[in-house]
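Below: one structure, written as structure tokens.
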Amino acid sequence: MADQRRAAAILSTNSKWVNGTVLHYCFFTGGHFSVPKTQADAVRGSFAKWKAIGIGLDFQEVSQLSEAEVRIGYSTSDGSSASSVGRDVLTISLNEPTTVYGWDLTTPYGSGTALHELGHVMGMEHEHQNPFAGIKWHEQEVYDSLAKPPNGWDHETTFHNILEKLTPQQVQGSAWDPDSIMEYEFEPRLIDEPEQYDTNGLTPPGTLSAADKQWP
Ligand SMILES: [Zn+2]
């Protein structure tokens, strides 16, 4: 497991898919989570980008939600994008989405979101929660910032998605990749250390980084 190429991406090893798994995915076509065709096409494009880098998973679209491990919904009224991580999708009941998008995926930022949530589907966690990142937060400022629109996150959501460190056992490798698609954008004054991010904020490119492309 000490393969250097595995250094950067972070994942819950207990929720990792077995190499060679075919993940079936399906879009909601009616009801609250109905996915417009343009948005579904953006997600299809993101599946293709992940697949093109030669990951050990395959993706196959199916037309029945009940036949899909990965059930994708869209709701701008909910306005949040989130996904279960890796095999955790199997714990979600078959009539519910495992992955929801809450904003337009056809913009450059949205394209990053589409890739990010599929990273979770594949088993990847947030890079800023990598215990090896060495990030010290201005915690109150983080809670305050995420509580504001457009996020409106409560204390627990912010802790779970940002401040909570994963354990070393949940991580493969020992390096942090600030350019990862699994890294968030942070405004200045949220990260205390490393100092450069306190001053300048952190703006990942929103595309698959070199290390993302070597996952897992
Ligand atoms: Zn995420």
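Derivation of every value follows stated rules applied to the coordinates shown; laboratory data play no part. Bear in mind the structure is a predicted one, so any value in this text is a computation, not a measurement. Cβ coordinates were reconstructed from backbone atoms using ideal geometry, including for glycine residues, and neighbour counts include every protein chain displayed.
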Förster-model FRET efficiency, 25 Å R0, Asn200 and Ile53, C-beta, rounded to 0.05:
0.30
Distance histogram in 10 Å bins (all Cα pairs of region 82-135, percent per bin)
24, 42, 30, 5
Please list 3J(HN,Hα) in residue order for region 135-152, calculated via the Karplus relation 6.51 cos²θ - 1.76 cosθ + 1.60 where θ = phi - 60°; whole Hz, with x for glycine and proline.
7, 10, 9, 7, 4, 4, 5, 5, 4, 5, 5, 6, 6, 7, x, x, 7, x
Angle, helix 37-52 long axis vs. longest principal axis of the chain, Cα atoms, 0 to 90°, nearest 10?
70
Pairwise FRET efficiency - Ser174 versus Gln140, Cβ, R0 = 41 Å, nearest 0.05
0.90
Binning at 10 angstrom from zero up to the longest distance, how are the C-alpha pair distances of region 42-133 distributed in percent?
16, 48, 32, 4, 0
Quarter of the Cα convex hull surface for region 87-177, i.e. its orientation-mean projected area (nm²):
7.3
How big is the gap, in Å, between the Cα center of region 176-215 and the Cα center of region 63-104?
26
Stretched fully, the stretch from Glu67 through Arg189 gains (0.36 nm per residue minus C-alpha distance, one decimal, in nm) 39.4 nm
Run the helix sum for the chain: -39,500 (n - 2.57) per DSSP H stretch of 4+ residues, divided by residue count, reported at 222 nm to the nearest 500 deg cm²/dmol.
-7000 deg cm²/dmol
Of all the Cα-Cα pairs you can form in region 122-216, what percent are over 21 Å apart?
30
When the Debye formula is applied to the Cα atoms of the chain, each taken as the same point scatterer, what base-10 log of I(q)/I(0) results at q = 0.09 Å⁻¹?
-0.34
State, to one decimal in nm², a quarter of the convex hull surface area for the C-alpha atoms of region 142-184, i.e. the direction-averaged projected area.
3.7
